[in-house]
């Protein structure tokens, strides 16, 4: 296999205050191959968003801190760069789009100014050139009247349009990696499909790898090549998308799969996983999923299972399978 | 009936479609639709006009005494009468506004400039920088203002406009600095600010290009409060004898002059005009500030 584009090793992001230590991300490992889509799945509070912010070195300080780990991107460890070097990476070789398109664009700047800013910052274009390129970018994300849209303000666009404008902004410098944190959660289903299609086609055109963070397994099935399942700040299962969907091994992944509503099954109640994700401030000792796991045994509550390679390329953090 | 409703709805939605209007333009239009704010703006402009253009309205000087004609009631020669020293009241009123407005607007500018920069840096960077800067604000906020003026007057053996402005400059920014810090902390969590960082914008660019324009509504209120507050403060300080000397015409000074039983009961032309000017200035500035805040409020954006 080729050298991965992004290699994350033992990433730990904690929120440290005088009285508590919240382990939002607790030893995460994964890899992203060039031009592939990695899906990160997990419930709210599983640490997936904080993982993505850590990759960009945008953990909200001063409490939040990356305490350990390596994030190797195109051969350099991002965690060792200075803030200035890091800001040359952001938006240039690595782009990011957010969940909430309504708040992710600056209300007082024209759409074209916001896209153009990326180009002026990293490509040293003049204002006029940046505007010209912004029009091209807007057209490439599917705006027919791009010449007008560049001069409009975010409040004049709908949610789906804003999300596409965000994508145009993130893709302006043709980054090698796009981090999409729940890019479709806030959108209508039909618009979701449009945005996903757009991301797919941009990926194929520019060879951009994507980290797709979501709790929507349907989106993962649609988009992802590889999948990482997160629970309680840890990776509990990681494999190719096919392997995860055909043969989920971790009890948590299995439970997630069972909780997908199926339209032709006549069920009175939807399957759900009892309980909630444990708070990152006080995880249970032993396996973090054990309190909600139907298979849990005495030993599960004692000892934290290791992430083991059960089949080639298929890693699971469970001692029972 | 239904048809007319539909056609009306069509006209209405057609009429309110906003195409390519910048937020500042929308804000201006909203401001112009607010009658109180417009009235405030007109009154304030009128006050500025008559004080700056004082020589156009009276040929008396505010510092020349008509010794033969003290305590005169209003007449054709002296429309607002003269005061116990023989100064022409109208001239004092018009020229006195200059001092008051200078003090007030320098307070406004300091609130705007230093408050924003200070609060912006403190709120954006957070951590120990924020801590240090806010402790300094605590010190400044708790500074005994009146004692400070007395101290400066004693040290420099002077009292006057320049001293008052110096004090205003030193004391007007901390409150707004603290307030703006809160606004910036709030903005810091917004996706579009994090987004600015994800496209590689540095701290200064993020603060001034992405965050600052979003604080205009709050700023306008802060500035209007500062301006209104310092008009009142000049009056109050001069009234108790700590502000400007008698030789400098000011509204507070005129009130102070008239603060005796005879003047209060029998000579309303001595104290009513400056009192009205102070109240009008404070009210109009407050109305303008309220109007600006409503005009810039992002929640009201269509």
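For this structure, a couple of remarks:
- Hey, residue B:37 buried (at least 16 other Cβ atoms within 10 Å of the Cβ), within 14 Å of chain A (Cβ to nearest Cβ) and either in a helix (DSSP H, G or I) or modelled with pLDDT under 85 (or both) or not: no
- Where helices (runs of 4 or more DSSP H) sit wholly within segment A:87-181, those with at least 2 residues that are at the interface with chain B (Cβ under 9 Å from one of its Cβ atoms) and surrounded by 18 or more Cβ atoms within 10 Å (Cβ to Cβ) occupy A:101-104, A:111-123, A:159-171.
- Some residue of segment A:268-275 being in contact (Cβ under 8 Å) with a residue 60 or more places away in the chain and under 30 Å from residue A:19 (Cα atoms): no
- Filtering segment B:115-122 for residues that are closer than 27 Å to residue B:175 by Cβ and free of Cβ contacts under 8 Å to residues at least 24 places away in the same chain leaves a non-empty set.
- Subset of segment A:277-294 (residues that are under 18 Å from residue A:24 (Cα atoms), touching a residue at least 40 places away in the same chain (Cβ under 8 Å) and in contact with a helix residue (DSSP H, G or I) (Cβ under 8 Å, 6 or more places away or on another chain)): A:278, A:289
- Of the residues making up segment A:182-199, those that are part of a loop (DSSP other than H, G, I, E, B) and either within 12 Å of chain B (Cβ to nearest Cβ) or under 19 Å from the mean Cα position of the chain (by Cα) (or both) are A:182, A:183, A:184, A:185, A:186, A:187.
- The one condition in (1) farther than 20 Å from residue B:47 by Cβ; (2) surrounded by 17 or more Cβ atoms within 10 Å (Cβ to Cβ) that residue B:231 fails to fulfil: (1)
- When segment B:65-89 is filtered for residues that are under 19 Å from residue B:255 (Cα atoms) and without any contact (Cβ under 8 Å) to a residue 40 or more places away in the chain, the ones remaining, listed by number, are B:65, B:70, B:72, B:78, B:79, B:82, B:86, B:88.
- Per-region count, segment B:250-287, residues closer than 19 Å to residue B:227 by Cα and touching a helix residue (DSSP H, G or I) at 6+ places or on another chain (Cβ under 9 Å): 16
- Spans of helices (runs of 4 or more DSSP H) in segment B:134-248 with at least 2 residues in contact (Cβ under 8 Å) with a residue 40 or more places away in the chain and either within 14 Å of another protein chain (Cβ to nearest Cβ) or within 17 Å of the chain's Cα centre (by Cα) (or both): B:161-188, B:216-239
- The listed residues are B:93, B:101, and the only one of them that is more than 27 Å from residue B:219 (Cα to Cα), in contact (Cβ under 8 Å) with a residue 40 or more places away in the chain, away from chain A (no Cβ under 14 Å) and part of a helix (DSSP H, G or I) turns out to be B:93.
- Residue B:71, sole failed condition from (1) modelled with pLDDT under 85; (2) over 19 Å from residue B:290 (Cα atoms); (3) within 14 Å of chain A (Cβ to nearest Cβ): (3)
The values are calculated or read from the model by the stated rules, or taken from the named source; none is laboratory data. Given the structure is predicted, the values throughout are model-derived calculations rather than measurements. Positions of Cβ are generated from backbone atoms using ideal geometry, with glycine treated the same way; all protein chains shown enter the neighbour counts.
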